[in-house]
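Student: Handing you this structure, nothing more for now.
The values are calculated or read from the model by the stated rules, or taken from the named source; none is laboratory data. Not measured: the values here are computed from a predicted model. Cβ coordinates were reconstructed from backbone atoms using ideal geometry, including for glycine residues, and neighbour counts include every protein chain displayed. To get the accessible areas, we keep the full protein, side chains included, count just its heavy atoms, and leave off ligands, DNA and RNA. Shrake-Rupley method; radii C 1.70, N 1.55, O 1.52, S 1.80 Å.
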Amino acid sequence: MILSNITVPLLGIVDTAVIGHLGSAHYLAGIALGASVISLLFWLAGFLRMSTTGLVAQAYGKQDVELLAGLLKRSLVLALIVAFSLLACSPLIKQAIAFLSGSNSEVLQQAYSYFDIRIFSAPAALCNLVLLAWMLGVHYGRGPFYLLLVTNITNIVLDVYFVVFLDWQVAGAAWASVIADYTALIFALCMVLKLANKMAVPLFIGNWFSVTKMQDLLSLNRDIFIRSLILQLCFSFMTFYGARIGEVTLAANAVLLNFLMLVSFALDGIAYASEAKVGHAKGQNSARKIHLWVKVSLFWGVIFAFAYSVFFALFGSQIISLLTDVPEVISAANTYLPWLIVLPIAAMGCFLFDGVFVGLTRAKDMRNTMIISAGVGFFGVFLLFSGWQNHGLWLAMTCFMLLRGVTLIIRYAQLYKKECLTVQSSE
């Protein structure tokens, strides 16, 4: 899972690198704006992956093949409903981009060019979330690795071909992602069908749809959606406020967010494994196994977090220069690089315990801790230090990540002390 997740930010780095060498900051600022909106929309749909992983892992622990089949089909239906809703709302979303960013016409033109194409990958991208989650829930770790490898290799090759050789600029990066998402969907469906057949999961028979079952799924997804919405509001605030400061700041933050994405997906590799293991242990009603997997995850998380901090301290400037050759963007990114050296350690707890709580399917706890962390750690800190401009943004992001981890750890300790880890949550 760590290897497969690292391929995701590598794709973002290639996107940034090919656009960052077109010679002007407005290209990089435009793709940063357009891509951040797409990321916001697709990450809001992240509840599809998280709820599916936790529920499937618990069903796998119970060895309930009919439940495994029903969860897959219900989650795919929900994914398609969400995807087509996004497509229908895309004109309104474009208006919101212009209103919130306050960017100049050149940046907005590039952002629209990216968004208008990329939004059509929504059905494939959201179904891929469900298929990846289902494979992860049944402990088929190689499946997500193969899936993300196919997606990102396809995307990277097409990125270079469309942008560098065909000179399609920002539109080329968007088309590369769309084609890669649909290629991955075909590949993922083939893998899941083969795996389901091997496990004797009855995908094509059984009464899998009912109003009650969909309501139960929506109830769990509601709290995860709220949690994801608040998380993405914080990241979007960074993008849109950076756009108001200026296109150079927006472009510099786009470069630096690749560092954070690299950290997040590597630590999420551990967290994804945690989701599957903790969910499986909960399905077996074993609090001892749950706590064991939490300790193992923390052990590896600490090692990776410190390794990233050291790596960024030693090679951060060189990485920035690889991503862009625009002098003012390089200078700005290096100014804010120290925040990225601190962030892996500050953010380690939130990534790992997100995985633990997904496995426990305690979405209400995830929602509540996110509300506290965003209100106090992000927006509260930013209001106090708004005079610091972009430094204030990065301070707020650091405090936000740190408080997310602290609040989740405190809540886990409460559940462990009260022996509630294997008890079904109230939602």
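Student: Yes or no: residue 323 aliphatic (A, V, I, L, M) and at pLDDT below 95?
Tutor: yes
Student: Right, here's the next one. Residue 100 passes all but one of (1) within 17 Å of the chain's Cα centre (by Cα); (2) at pLDDT below 85; (3) under 24 Å from residue 26 (Cα atoms); which number fails?
Tutor: (1)
Student: Here is a further query. Out of the residues in segment 152-171 that are free of Cβ contacts under 8 Å to residues at least 40 places away in the same chain, open to solvent by less than 70 Å² (accessible area, probe 1.4 Å) and in a helix (DSSP H, G or I), state the one that is farthest from residue 117 (Cα to Cα).
Tutor: Going through the qualifying residues, I end up with 154.
Student: Being out of contact with any Ser or Thr (no Cβ under 9 Å at 6 or more places or on another chain) and either under 18 Å from residue 231 (Cα atoms) or among the β-branched types (Val, Ile, Thr) (or both) is the filter here; which residues of segment 378-392 pass it?
Tutor: Within segment 378-392, 378, 379, 380, 382, 383 meet the criteria.
Student: Applying the selection to segment 66-92, what residues are out of contact with any Gly (no Cβ under 7 Å at 6 or more places or on another chain), closer than 19 Å to residue 197 by Cα, touching a residue at least 60 places away in the same chain (Cβ under 8 Å) and open to solvent by 10 Å² or more (accessible area, probe 1.4 Å)?
Tutor: 71, 73, 74
Student: Can I ask one more? Tell me, yes or no, whether segment 325-332 has at least one residue that is open to solvent by less than 50 Å² (accessible area, probe 1.4 Å) and either among the aromatic types (Phe, Trp, Tyr) or under 30 Å from residue 60 (Cα atoms) (or both).
Tutor: no
Student: Next up: Given 363, 347, 305, 273, which one is open to solvent by less than 10 Å² (accessible area, probe 1.4 Å), of a type in the set (A, V, I, L, M) and under 30 Å from residue 68 (Cβ atoms)? Steps first, answer last, please.
Tutor: Values: 347 fails: under 30 Å from residue 68 (Cβ atoms); 305 fails: under 30 Å from residue 68 (Cβ atoms); 273 fails: open to solvent by less than 10 Å² (accessible area, probe 1.4 Å).
Step by step, each of 363, 347, 305, 273 is checked, and only 363 is open to solvent by less than 10 Å² (accessible area, probe 1.4 Å), of a type in the set (A, V, I, L, M) and under 30 Å from residue 68 (Cβ atoms).
Student: Given the conditions (1) out of contact with any Gly (no Cβ under 9 Å at 6 or more places or on another chain); (2) in a helix (DSSP H, G or I); (3) open to solvent by 10 Å² or more (accessible area, probe 1.4 Å), and given that residue 139 satisfies all but one, which numbered condition is not satisfied?
Tutor: (2)
Student: Using the structure shown, decide if residue 305 is farther than 22 Å from residue 259 by Cβ and within 25 Å of the chain's Cα centre (by Cα).
Tutor: No: the conditions fail for residue 305.
Student: Are there any pairs with C-beta distances below 7 angstrom linking a residue in segment 286-306 that is over 11 Å from residue 270 (Cβ atoms) and assigned to a helix (DSSP H, G or I) to a residue that is hydroxyl-bearing (Ser, Thr, Tyr) and open to solvent by less than 50 Å² (accessible area, probe 1.4 Å), with the two at least 6 apart or on different chains, and if so which?
Tutor: Taking only residues 6 or more apart or on different chains, the pairs are 287/422.
Student: Go through segment 366-398 and count every residue that is within 20 Å of residue 217 (Cβ to Cβ) and surrounded by fewer than 22 Cβ atoms within 10 Å (Cβ to Cβ).
Tutor: Number of matching residues: 1.
Student: Scanning for something buried (at least 24 other Cβ atoms within 10 Å of the Cβ), in contact with a helix residue (DSSP H, G or I) (Cβ under 9 Å, 6 or more places away or on another chain) and closer than 17 Å to residue 79 by Cβ, does segment 182-189 turn up at least one residue?
Tutor: Checked segment 182-189: at least one residue is buried (at least 24 other Cβ atoms within 10 Å of the Cβ), in contact with a helix residue (DSSP H, G or I) (Cβ under 9 Å, 6 or more places away or on another chain) and closer than 17 Å to residue 79 by Cβ.
Student: Hey, another quick one. Taking residue 56, is it open to solvent by less than 30 Å² (accessible area, probe 1.4 Å), assigned to a helix (DSSP H, G or I), under 28 Å from residue 359 (Cα atoms) and not charged (D, E, K, R)?
Tutor: Numbers: open to solvent by less than 30 Å² (accessible area, probe 1.4 Å): yes; assigned to a helix (DSSP H, G or I): yes; under 28 Å from residue 359 (Cα atoms): yes; not charged (D, E, K, R): yes.
The answer is yes for residue 56.
Student: So if I check each of 95, 63, 109, which one is open to solvent by 50 Å² or more (accessible area, probe 1.4 Å), polar (S, T, N, Q) and on the phi > 0 side of the Ramachandran plot?
Tutor: 63
Student: I'd like the full set of residues that are hydroxyl-bearing (Ser, Thr, Tyr) and over 11 Å from residue 217 (Cα atoms), limited to segment 70-89.
Tutor: Within segment 70-89, just 85 meets the criteria.
Student: If you don't mind, another one. Which one of 255, 263, 248 is under 26 Å from residue 383 (Cα atoms), β-branched (Val, Ile, Thr) and crowded, with 24+ Cβ neighbours inside 10 Å?
Tutor: Unique residue meeting the criteria: 255.
Student: Please state which of the following conditions residue 142 fails to meet, knowing it meets all the rest: (1) more than 20 Å from the chain's Cα centre (by Cα); (2) free of Cβ contacts under 8 Å to residues at least 12 places away in the same chain.
Tutor: Status for residue 142: all satisfied but (1).
Student: While we're here: Out of (1) among the hydrophobic types (A, V, I, L, M, F, W, C); (2) farther than 23 Å from residue 89 by Cβ; (3) touching a residue at least 12 places away in the same chain (Cβ under 8 Å), what's the single condition that is false for residue 115?
Tutor: Residue 115 satisfies every listed condition except (2).
Student: Then there is this: Please verify whether segment 277-285 includes one or more residues that are basic (Lys, Arg), over 17 Å from the mean Cα position of the chain (by Cα) and crowded, with 21+ Cβ neighbours inside 10 Å.
Tutor: Filtering segment 277-285 down to residues basic (Lys, Arg) leaves 277, 282.
Restricting the remaining residues to those that are over 17 Å from the mean Cα position of the chain (by Cα) gives 277, 282.
Retained after the next criterion (residues that are crowded, with 21+ Cβ neighbours inside 10 Å): 277, 282.
Checked segment 277-285: at least one residue is basic (Lys, Arg), over 17 Å from the mean Cα position of the chain (by Cα) and crowded, with 21+ Cβ neighbours inside 10 Å.
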